[in-house]
Structures are given as structure tokens and as C-alpha cells.
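**Q** Let me begin by handing over the structure; questions about it come next.
The values are calculated or read from the model by the stated rules, or taken from the named source; none is laboratory data. Nothing here was measured: the structure is a model prediction, and the numbers come from that model. Every residue, glycine among them, receives a Cβ derived from its backbone with ideal geometry; neighbour counts consider all protein chains shown. What goes into the accessible areas is simple: the full protein's heavy atoms, side chains included, and nothing from ligands, DNA or RNA. Shrake-Rupley method; radii C 1.70, N 1.55, O 1.52, S 1.80 Å.
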Amino acid sequence: MSNWERLVWNQREVLLKGFLVTVEICLIAFAIAVVGGMLLCLVRLYVKPLKPLAVLLIEFFRATPIFVQLMWVAYVWPEIFGWPGTFFAAGCVALGVQSSGYLAETFRAGIEAIPRGHREAGYSVGMSPPQVFRRIVLPQTLLASAPSIVNQFTVIVKSSTLVSVITVQDLMFQALKLVTVWYEPIEILTVTAGIYIGFVFLVSLAGKTLADRLRLRYGLAAA
Amino acid sequence: MHVESGVDAVPAIRVVDLHKRFGTLDVLRGVSFDVRRGDVVSMIGASGSGKSTLLRCINRLETPSSGEVYIDGEPMGHRGQGDAKARSLAEINMMRRDLGMVFQQFNLWPHMTVLGNVIEAPIRVRGMSRREATALGEECLARVHLEEKSKEYPARLSGGQQQRVAIARALAMRPKAMLFDEPTSSLDPELTDEVLVVMRELAADGTTMIVVTHEMGFAREASDRVLFLHNGLIEEEGPPSQVFGAPKSERCRQFLSKHVQ
């Protein structure tokens, strides 16, 4: 029996279980990042009195190393806010808020790049500011930001390998556990790296395909 | 040409002593004029004379510093009938739908099809059903001779076609008047004609229009009245035959000698 069979194939269920946890964390963190990023961006642009707070949060989320963020959300937030209650939730939140800081800036750039005339055209046919935002500004912003949004998802996937430090049992956690059981890192870690590379590659490919298709549809030049 | 009785005595658009300051710069310094229903008024003048600002003040994309604009006798800036309270943004939005605006840069929404651009406001603002709005949209696109392009996206159209879609989009709100802000200035010369043809047809149909333009041919042939603006004031005004044929103002004469071949 080769090492590959013993250490990888026979452990496939453990690795798969870990991978599914990784996927789950990444999807939840991504949802938090997109929604949170849009909220931070909107507050920063349109809610004057809260703008300094939004800027502070964006800069704080972006400037904190993800390792510190994970520790801080997992061990400090429950003491101060009584939340999150599980390490899994803490992992999702920490990954999500960090990316929300980056996406907030991506969205802001997208919104500011829309010509003023597009909004004026909306106002001139009697649309209200919320209608103009929802129907004209938001779709164009998401379209323009699509590549960055996908890219941010891949960042989340890569950062998610650190959630094992707060004992979340993701793919990296399971891989490290197998290594410590068998003392055979070569095959296990190589396959683990391969899974991450494949995952990130597939996500990037899907994102690029989607972005190209949208650009083609709207007659914009391919990136 | 016009019967000055009853309802028709109220001008479609009345501008009274309009001033607009940007910081220390006086762009409009007291402009007053009336546009009767069905009239086409062309505004000419050098760059920086205040033409575009005047047009943008009429539908309140710019807020005038003072003065008032009346649409069918209704003041834009405050509630009428002795109520001097300023109108809310929502009320101004309501009134804006009566003024169709066509921009120099077309400003079509690139993520919507041609038809989508045209029916957006009828659906969202007028509350029409999609079916109703589509029928209306196709009718408006036919008026600008683009019915076959309804499913295209704006980026696939020429500048002239885009501007005609923008005209159809404004028409779809069935406005009381159309405002054109240099509609052909960003078009290649060979594309301006198709836009001017549509504008002449609208004028012939009795559409009330204010047109800021550098197209002296259009101003001369298609308008009922021409205003020449200089330094934020109306320097010369009258029927095209008079403004182009025998201008009283020296500045107007100089301007025309430079711009009319």
C-alpha cells in the first residue's frame, strides 16, 4: 500500500469533511463581506454624521492582520459583546469583516466612477434618489466591481486556512491533524495544497467567465 | 399661429428673473422669458454664456440662486397659491417628469437595453405595467426611427442612435416640454443630421421645446424664437428672421458672423 493510498485516499472522508467546512465558512464570510462592505460604503458616502465611524471601521478592518483579527473576534468579542458564541461563527465574522473593509473601498470606487449624467438622467425623468441608486448606480457598480468581488472571495479562501488556530475544523485543521497522527507531511500537505489551488482556480475561472459574459452582453471591452 | 385665449394664455414655461451664482461667479444675472405651448425656442451664445446652466435651472438639476420657473403656471421652487414654502425634493421630482431632458453626453444607462432605458421611468415613476410601458416604449422608439434596435445595448449603437434613444426615453414620460442641452455637440458631423431630423419632426408635431444649440441652421429654420445669451443675460431675442437677419445687438452680430457661414 503506497503512502498516497494510506495517507490520502483512505483519509478522503476526513479531508472532504474539512473541505466542506472550508467552503461553508468561505461562503458565509463572503456574504458578510459583500453586505457589510456595501453598508460601510453607503454610510461612508451618504450618511454624513456617521462617515468618520465608517472610515474608522474600514481602515481598522483593512489594517488588522487576519491572524490578529481571528484571535480578537474569537476571544475578545465574546467578553465585550457576549457574541459570537462559537469559534465557527467567530471565524466567519473575522474573515467577513476584513474583506468588507476592502470591498467597501471597491464599491466606493465603482460608485464614484459612474458618470454624474447617469444619475441626472434618472432625476430628469422623475426618479427618486433611492430609485436612481437601486436601478442605475447599484447594478453598474456591481458589474464594474465583479472581478474585484471574485478576487476578494479567493482572498477569503486563502485566509480561511488560519481558522484552524481558533480550532475550527476546516480542511487545514484536518490535514494538520492527520500529519500529527502519521508524522508524514509530504503527501497530506501536498494534496491539501492541491485542493486549495484547485478551489481558488475554479472560483477565479468561474468569476472571469461570468465577468467576460457580462461585458460581452453589455458591449463593454473584455478585461 | 397661437390662439391667446383661455388655457393657452398660460405659458408652458415661464422663467422669471433667474439668477445663478457658483461661488463668486455670476452665471445667470436675471433671465426672464416665456415659452408658449408648441413653441420651439433656441438658445444660442458663446461657451460660458450661461445657456446650459439656464436649461439645468429650469428642471432644477441646478438650484437657482433666486428667481422662479413656472411650468404650466405651477412654480417649480415653491408651492403656489401664496404658499412660499420651498418644495421638497419629492415634489420637485414629481414636476421634473413633465420636462424631458436630452443631454449632450446622451447619458443612456449602459446596463439596460434600448427598450429598458425607455420604459424604466414609465414603469418606476408612472407605475405602468410592463406591457403598457413596452407598447409605449416601442411607439417612442418608432418616433425616433429606432424600433428595430429595442433589444440592443447602448454601447452597440452609434452616437446619433444613442442620442435618439435618449430622446425616446424623454418622450416616454409624455412631458409637457422637452429640453435639449447641446444634443449634437458630442456627435461627429455626419451623425448630427439624424438627430436634427428627429428634432425637426418633434417641432413639426407641436412639441414644446427649448434647445441649447450651436447648430445655427436648426435654430434658424426650426425655431419660433431665438434667444442669444451673453454673460448670463438675454442680449437679443426674437423670431429667427430678426435675430439672424437684423440683430440689434452688436455682440449678437459678431457671434453670428463667426458661427454662420
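**Q** Among the candidates B:134, B:192, single out the residue that is in a helix (DSSP H, G or I), more than 25 Å from residue A:135 (Cα to Cα) and polar (S, T, N, Q).
**A** Details: B:134 fails: more than 25 Å from residue A:135 (Cα to Cα).
From the options B:134, B:192, the qualifying one is B:192.
**Q** Give all pairs with beta carbons closer than 6 Å in which a residue from region B:13-40 that is aromatic (Phe, Trp, Tyr) meets a residue that is assigned to a strand (DSSP E or B); count only pairs at least 6 apart in sequence or on separate chains.
**A** B:33/B:15
**Q** Scan region B:90-132 for residues that are open to solvent by less than 20 Å² (accessible area, probe 1.4 Å) and not hydrophobic (A, V, I, L, M, F, W, C) and report the count.
**A** Count: 8.
**Q** Let me ask something additional. Which of the helices (runs of 4 or more DSSP H) found entirely inside region A:116-179 contain at least 1 residues meeting this: more than 14 Å from chain B (Cβ to nearest Cβ) and open to solvent by 30 Å² or more (accessible area, probe 1.4 Å)?
**A** Helices (runs of 4 or more DSSP H) meeting the threshold: A:138-159.
**Q** Among the numbered criteria (1) in a loop (DSSP other than H, G, I, E, B); (2) open to solvent by less than 50 Å² (accessible area, probe 1.4 Å); (3) more than 8 Å from chain A (Cβ to nearest Cβ); (4) closer than 20 Å to residue B:174 by Cα, which single criterion is violated by residue B:145?
**A** All conditions are met except number (2).
**Q** Ok, one more. Filter region A:180-189 down to residues that are without any contact (Cβ under 8 Å) to a residue 12 or more places away in the chain and not polar (S, T, N, Q) and give me whichever is least open to solvent (accessible area, probe 1.4 Å). So that I can check it myself, show each step before the final result.
**A** Initial filter on region A:180-189 (without any contact (Cβ under 8 Å) to a residue 12 or more places away in the chain): A:180-181, A:183, A:185.
Now drop any that are not not polar (S, T, N, Q), which leaves A:181, A:183, A:185.
Values: A:181: 96, A:183: 181, A:185: 58 Å².
Taking the candidates together, the pick is A:185.
**Q** I need every pair where a residue in region A:29-57 that is without any contact (Cβ under 8 Å) to a residue 12 or more places away in the chain has its Cβ under 7 Å from the Cβ of a residue that is among the small types (Gly, Ala, Ser), sequence separation at least 6 or different chains.
**A** Filtered contacts from region A:29-57: A:43/A:54.
**Q** Go through region A:99-115 and give me each residue that's open to solvent by 50 Å² or more (accessible area, probe 1.4 Å) and facing another protein chain (nearest Cβ under 10 Å).
**A** If the condition is that a residue be open to solvent by 50 Å² or more (accessible area, probe 1.4 Å) and facing another protein chain (nearest Cβ under 10 Å), then A:115 is the only one that fits.
**Q** Another question, if that's okay. Return only the number of the condition from (1) farther than 23 Å from residue A:130 by Cβ; (2) in a helix (DSSP H, G or I); (3) within 10 Å of another protein chain (Cβ to nearest Cβ) that residue B:53 does not satisfy.
**A** (3)
**Q** Taking residue B:173 as the residue in question, decide whether it is modelled with pLDDT of 90 or more and within 12 Å of chain A (Cβ to nearest Cβ).
**A** It is true that residue B:173 is modelled with pLDDT of 90 or more and within 12 Å of chain A (Cβ to nearest Cβ).
**Q** Look at residue B:167 and say whether it is at pLDDT 90 or above and crowded, with 24+ Cβ neighbours inside 10 Å.
**A** Yes; evaluated as a whole, the condition is true for this residue.
**Q** Test residue A:65 against the stated conditions and say whether it is under 18 Å from residue A:145 (Cα atoms) and either at pLDDT 90 or above or surrounded by fewer than 18 Cβ atoms within 10 Å (Cβ to Cβ) (or both). Break it down into steps so the answer makes sense when it comes.
**A** Numbers: under 18 Å from residue A:145 (Cα atoms): no; either at pLDDT 90 or above or surrounded by fewer than 18 Cβ atoms within 10 Å (Cβ to Cβ) (or both): yes.
When the stated conditions are applied, residue A:65 does not pass them.
**Q** Tally the residues that are at the interface with another protein chain (Cβ under 9 Å from one of its Cβ atoms), over 23 Å from residue B:151 (Cβ atoms) and among the acidic types (Asp, Glu), restricting the search to region B:75-129.
**A** 1
**Q** With (1) without any contact (Cβ under 8 Å) to a residue 40 or more places away in the chain; (2) out of contact with any Cys (no Cβ under 8 Å at 6 or more places or on another chain); (3) on the phi < 0 side of the Ramachandran plot as the list, and residue B:63 as the residue in question, which single condition is left unmet?
**A** Evaluating residue B:63 over (1) without any contact (Cβ under 8 Å) to a residue 40 or more places away in the chain; (2) out of contact with any Cys (no Cβ under 8 Å at 6 or more places or on another chain); (3) on the phi < 0 side of the Ramachandran plot leaves (2) as the failure.
**Q** So if I check each of B:14, B:29, which one is at pLDDT 90 or above, assigned to a strand (DSSP E or B), among the basic types (Lys, Arg) and more than 16 Å from residue B:59 (Cβ to Cβ)?
**A** The unique qualifying residue is B:29.
**Q** Oh, and also: Can you name the residue in region B:171-226 that is closer than 30 Å to residue B:127 by Cβ, of a type in the set (Asp, Glu) and touching a residue at least 24 places away in the same chain (Cβ under 8 Å) and is also surrounded by the fewest Cβ atoms within 10 Å (Cβ to Cβ) among such residues?
**A** Out of the qualifying residues, it is B:201.
**Q** What's the number of the condition residue B:70 fails, among (1) open to solvent by less than 40 Å² (accessible area, probe 1.4 Å); (2) at pLDDT 90 or above; (3) out of contact with any helix residue (DSSP H, G or I) (no Cβ under 8 Å at 6 or more places or on another chain)?
**A** (1)
**Q** Is it true that residue B:213 is under 9 Å from residue B:42 (Cβ atoms) and not aliphatic (A, V, I, L, M)?
**A** yes
**Q** Within region A:195-212, can you find the residues that are at pLDDT 85 or above and either open to solvent by 80 Å² or more (accessible area, probe 1.4 Å) or within 14 Å of chain B (Cβ to nearest Cβ) (or both)? Before you say what the answer is, go through the steps one by one.
**A** Of the residues in region A:195-212, the ones at pLDDT 85 or above are A:195-210.
Scanning region A:195-212 gives A:197, A:201, A:202, A:205, A:208, A:210.
**Q** Residue check: is residue A:192 open to solvent by 20 Å² or more (accessible area, probe 1.4 Å), over 21 Å from residue A:111 (Cβ atoms) and either of a type in the set (S, T, N, Q) or not in a helix (DSSP H, G or I) (or both)?
**A** No: the conditions fail for residue A:192.
**Q** So is residue B:135 surrounded by fewer than 20 Cβ atoms within 10 Å (Cβ to Cβ) and more than 30 Å from residue B:49 (Cα to Cα) or not?
**A** Numbers: surrounded by fewer than 20 Cβ atoms within 10 Å (Cβ to Cβ): yes; more than 30 Å from residue B:49 (Cα to Cα): yes.
Considered against the rule, which asks whether it is surrounded by fewer than 20 Cβ atoms within 10 Å (Cβ to Cβ) and more than 30 Å from residue B:49 (Cα to Cα), residue B:135 comes out as yes.
**Q** A follow-up question, please. Just checking: which of the helices (runs of 4 or more DSSP H) contained wholly in region A:12-89 hold 1 or more residues that are farther than 16 Å from residue A:105 by Cα?
**A** Numbers: elements: A:12-46, A:51-63, A:66-71, A:77-81.
So the answer is A:12-46, A:66-71, A:77-81.
**Q** Exactly one of (1) of a type outside the set (Ser, Thr, Tyr); (2) open to solvent by 20 Å² or more (accessible area, probe 1.4 Å); (3) within 14 Å of chain B (Cβ to nearest Cβ) is unmet by residue A:83. Its number?
**A** (3)
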